[in-house]
Amino acid sequence: MKIHSNDKLIQRNHKLGNIFSIGALVILAVGLFLPGTEFNTLRMSLALVCLVVGFMVFQAGNYFLNRWGRSPRPDELVTQSMKGLDSEYSIFHYETPISHLLVGPSGVIALLPYGQNGTLYYDENKKEWKQKGGNFFLKVFGAEGLGRPASDARNELRDLESYLERIGVSAGVAKPDVLVVFTNPKADVQGEGSPVPYITAAKLKDYLRKKAKENMVNTEAILSKIK
C-alpha cells in the first residue's frame with residue numbers, strides 16, 4: 001500500500017496542540033491564584049473568567065493532540081489496520097478535503113476513524129451512534145466523546161462526492177463511499193440498524209479485499225486526478 005501523508009500539517013497541528021495545552025495551564029494557574037486571600041468581587045470575576053477560558057483552551061489543545069500529537073494517531077491506526085494490502089491501494093492522510101481517503105480496487109472510500117472504547121451502539125430512535133462505558137475522566141477532560149459518526153459520515157460522503165466532481169472523476173469511474181472505522185480493540189461495537197457502513201480496524205483489511213472482488217475498480221485514472 002502506498003501512503004501519502006501531509007507531514008507539515010501534522011507537525012504544525014502537533015505544535016498548536018502543545019501551545020494550547022501550555023497556554024491553558026498558564027491561564028488556569030492565573031485563575032486559581034488571582035483571588036488571593038482577601039475577597040474581591042472584581043478579582044473573583046476575573047478568576048472565574050480565567051478558569052472558563054483556560055478550560056476551553058485546554059479542550060482545544062486536547063483536540064489537536066488527540067488527532068495530531070499522541071501516537072498512535074488516527075492516521076497511523078488506519079494505516080496499521082491496512083498493513084499488507086498491495087501497491088494498488090493508496091491512502092491519503094490530510095492531503096485532500098477528505099482527511100483519510102483510500103483509493104484502490106475496493107473503490108474510493110472516505111475512512112472515518114473513531115478510537116473510543118466501551119460499548120458503541122447505534123440508537124435507532126435517535127438515529128445516531130451512542131457510547132456506554134469508557135473512561136468518564138477522559139470523556140470530559142480528554143476530548144474522548146464519540147460525537148456523531150452517522151452525521152459525520154453523511155457529511156463526509158457529500159464532501160467526497162463534491163471533491164471527485166471537482167477533479168473530474170465521474171460516478172461511472174468510481175462510486176464514492178464512506179466507512180466508519182472503530183480503531184479501539186477494547187470497544188464492543190454493536191451497530192445493528194446503522195444507515196452508514198462501519199467496521200472495526202481488525203476487520204478492515206478483510207472487508208476491503210472482499211469488496212475489491214465485487215468492484216475491481218481501476219485506480220489509475222482516479223489517482224492521476226488526485227495527484
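Some notes on this structure:
- Residue check, D152 over 17 Å from P195 (Cβ atoms), modelled with pLDDT of 90 or more and surrounded by fewer than 21 Cβ atoms within 10 Å (Cβ to Cβ): no
Residue-wise test of (1) open to solvent by 90 Å² or more (accessible area, probe 1.4 Å); (2) modelled with pLDDT under 90; (3) in contact with a Ser or Thr (Cβ under 9 Å, 6 or more places away or on another chain).
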{"site": "A171", "(1), (2), (3)": "no, yes, no"}
{"site": "L179", "(1), (2), (3)": "no, no, no"}
{"site": "D206", "(1), (2), (3)": "yes, no, no"}
{"site": "K225", "(1), (2), (3)": "yes, yes, no"}
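- The one condition in (1) closer than 30 Å to A221 by Cα; (2) crowded, with 18+ Cβ neighbours inside 10 Å that S5 fails to fulfil: (2)
- Candidate set from the range 95-130 (those that are open to solvent by 30 Å² or more (accessible area, probe 1.4 Å) and of a type in the set (S, T, Y)); member that is farthest from K211 (Cα to Cα): T119
- Checking the range 17-35 against the condition returns no match, with no residue being out of contact with any Gly (no Cβ under 8 Å at 6 or more places or on another chain), polar (S, T, N, Q) and surrounded by 13 or more Cβ atoms within 10 Å (Cβ to Cβ).
- Of the residues making up the range 67-89, none is free of Cβ contacts under 8 Å to residues at least 40 places away in the same chain, among the charged types (D, E, K, R) and open to solvent by less than 10 Å² (accessible area, probe 1.4 Å).
- Looking across the range 161-201, the residues that are hydrophobic (A, V, I, L, M, F, W, C), assigned to a helix (DSSP H, G or I) and over 17 Å from the mean Cα position of the chain (by Cα) come down to L164, I167.
The values are calculated or read from the model by the stated rules, or taken from the named source; none is laboratory data. Since the model is a prediction, treat every value here as computed from it, not as a measurement. Every residue, glycine as well, gets a Cβ built from its backbone with ideal geometry; the counts of neighbours run over all protein chains shown. Surface accessibility is based on the protein's heavy atoms, side chains included, excluding ligands, DNA and RNA. Shrake-Rupley method; radii C 1.70, N 1.55, O 1.52, S 1.80 Å.
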